[in-house]
Amino acid sequence: MLRRPHDCDRCGTTIAPGDEYAAVDGIAPDGELRALLCVECAAALSRFLDGA
Ligand SMILES: [Zn+2]
């Protein structure tokens, strides 16, 4: 759960505490990648990872 509002790292939508969101952790060539995504972008990412 978020303690403070955070902007979606993809589209910039504000994610308020209490909103659903996705936290994504990964490794990128230049280091660790950590992103908070709104529900819409999380769904888009899921579709991308599924190759759809
Ligand atoms: Zn978003």
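What follows is calculated from the coordinates using simple rules that are stated; it is not laboratory data. These numbers were taken from a predicted model, which means no experiment stands behind them. FYI the Cβ positions are ideal-geometry reconstructions off the backbone, even for glycines, and counts take in every protein chain you see.
Data overview
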{"read-out": "Whichever residue in the range 17-27 is surrounded by 11 or more Cβ atoms within 10 Å (Cβ to Cβ) and in a loop (DSSP other than H, G, I, E, B) and, among such residues, is farthest from the ligand (Cβ to nearest atom)", "value": "Pro17"}
{"read-out": "Tally, over the range 28-52, of residues that are within 20 Å of Pro5 (Cα to Cα) and assigned to a strand (DSSP E or B)", "value": "6"}
